[in-house]
Amino acid sequence: MTVYLDCNATTPMSPEVSLIVGRYLMEEFGNAGSRTHEFGVIAKQAVEQARQFVAEVVDAEKSEVIFTSGATESNNLAILGLKDYAEKIGKKHIITTRIEHKAVLEPIEELVKQGFEVTYLNTDGSGIVSAKQLSASLRADTFLVSIMHVNNETGSIQQIEDYCEVLSEHEAFFHVDAAQSFGKLNLPLRNKRLDLISVSGHKFYAPKGVGALICRRRGFKKPPLKALMFGGGQEKGLRPGTLPVALIAGLGEAARQSILNADERHKRCEVIKLNAIERLHELGAVINGANTMPHVLNFSIPGLNSETAMVALKGLVAVSNGSACTSSSYTPSHVLTAMGLDEENIENAIRMSWCYMTKDIPWDQIIDKLKQYL
C-alpha cells in the first residue's frame, strides 16, 4: 500500500473530525439559517461552537471569524475586499513577498491592473524574508502587507513576530496566509497586530471546502472589508450562501483538537523528520530552505530529476515536486527560483510532507529505488 507523504497538499481527516462531519451530514442536517424549528437551531449552535473553537486557536473573538470555502477565498476576500477602502483614503501601495502562494499573488496582480503598486520582498537560500526588508519597504501610502506564515513548498517559517514589531507604529493592514500553520504553529498567530488571518481546513485534518478569514478588530473597529459576492446576509454580509454546517463543524473540531494535541503531534512529526534527513543524506540530498516545520522537507538529490524520482516511487510513497495548485504546470517553482537555487536544484526538488497519522515510511525501499537512477 502506498504511503501518503503529501500532507502539505492536503491532510487526511482525523477520526474525531470524521465523526463530527458524518453526524452533521446524516443526522443533524438542518440549515443554520432556519430559525423556526429545532433542526435549524441545532445547526446554528454547531456553527457558533465551531466559530468559538477556531477563534480560540489564535486568541480572537468569536465574532471575528468569518467562514469561507478555504484559504484561497479568504485571501481574495482579505486582499480584494480592501480595495474600495484603499481608494477612498488614497493609499494604493501593497507589500508582499515573491514566495507567496498564487492565491495571494494573483489577487494582488488584479489590483496592480487597477492602478495599485506592489513591492515584492525577496528572500535568499533560507527561504525566509527578513523583517529589515519589510521595514525598508514601508511607505506612508502602504495600506496592506500580506506575508505568509509558513511556505507551502519548503515549510520555512516566516518571522511573523518580527514583522508585527516593524508594523507596530504603522497603520497598514497586516494579512497572513496561515494555511500551512493554523492548527500547527498557533502561538505567533495570537499576536494582536495581525489583522487578517486566512485558514484552510484541509491543511490541518478538517474537510476540504471549508476555511475561515479571521478579521481582528483594532480597538472597536473591524477591517473595512467589502463583500466580493452577493446574495444573502450570511457571515455578516461578507460571505453569502448557505453555510455548510457539516464542514464547519468539522473545522471547529479540528481546531479544538489542534489545541489539545499540539505538542504530541509536533513531537511525532519531528521524529519522522529527523529520520528522513538521516536517510536522505545517504543519497547526498540537499535540503532546500531553513527554519522549516517538523512535518515537511523539500530536498534535491544531485543527478536525479524530480519527475524521474516520482515515477520511480510510484506505488511506494506519494510525494510531490511543488504546490498542489500548480502541479499541472511544468514551469519552475517560483518559490525555489526566488530563493536563488540553480536550475538543476530546482528541477530535482522533491517535497515530502507527513502528519502525526503517518505510518512507518519504507525508507529502505525508497533508498534502493532511487539509487537505481543515480
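Quick notes on this structure:
- Filter pass, Asp59 being in contact with a strand residue (DSSP E or B) (Cβ under 9 Å, 6 or more places away or on another chain), surrounded by fewer than 21 Cβ atoms within 10 Å (Cβ to Cβ) and either among the charged types (D, E, K, R) or not assigned by TED's automatic domain parsing to the domain that holds Gly155 (or both): no
- Sole exception among (1) surrounded by 16 or more Cβ atoms within 10 Å (Cβ to Cβ); (2) of a type outside the set (Lys, Arg); (3) touching a helix residue (DSSP H, G or I) at 6+ places or on another chain (Cβ under 6 Å) for Asp6, by number: (3)
- Hits in the range 211-228 - residues which are part of a loop (DSSP other than H, G, I, E, B) and either of a type in the set (Lys, Arg) or under 13 Å from Phe67 (Cβ atoms) (or both): Arg216, Arg217, Lys222, Lys226
- Taken over the range 9-34, the criterion of being among the polar types (S, T, N, Q), modelled with pLDDT of 95 or more and touching a Phe, Trp or Tyr at 6+ places or on another chain (Cβ under 9 Å) is satisfied by Thr11, Ser14.
- Every condition in (1) more than 19 Å from the chain's Cα centre (by Cα); (2) touching a residue at least 12 places away in the same chain (Cβ under 8 Å); (3) surrounded by fewer than 22 Cβ atoms within 10 Å (Cβ to Cβ) holds for Leu82 except the one numbered (3).
- Among the residues listed as His93, His37, the single one being modelled with pLDDT under 95 and surrounded by fewer than 21 Cβ atoms within 10 Å (Cβ to Cβ): His37
- Any chance Val112 is closer than 23 Å to Asn76 by Cβ and either within 17 Å of the chain's Cα centre (by Cα) or part of a loop (DSSP other than H, G, I, E, B) (or both): no
- Single match in Ile301, Ile272 (criterion: in contact (Cβ under 8 Å) with a residue 24 or more places away in the chain and either of a type in the set (Ser, Thr, Tyr) or more than 15 Å from Asp6 (Cβ to Cβ) (or both)): Ile301
- Flag if Ala312 is outside the structural domain of Gln180 (by TED's automatic domain parsing), hydrophobic (A, V, I, L, M, F, W, C) and touching a Gly at 6+ places or on another chain (Cβ under 8 Å): no
- Among the residues of the range 18-56, those identified as within 17 Å of Phe67 (Cα to Cα) and either of a type in the set (S, T, N, Q) or not assigned by TED's automatic domain parsing to the domain that holds Leu196 (or both) are Asn31, Gln45, Gln49, Gln52.
- Residues of the range 118-148 satisfying the condition of being of a type outside the set (Gly, Ala, Ser), in a loop (DSSP other than H, G, I, E, B) and free of Cβ contacts under 8 Å to residues at least 60 places away in the same chain: Val129, Leu138, Arg139, Asp141, Ile147, Met148
The values are calculated or read from the model by the stated rules, or taken from the named source; none is laboratory data. Please read these numbers as outputs of a predicted model, since none were measured by experiment. As a convention, Cβ positions derive from the backbone with ideal geometry for all residues, glycine included, and neighbour counts pool all protein chains shown.
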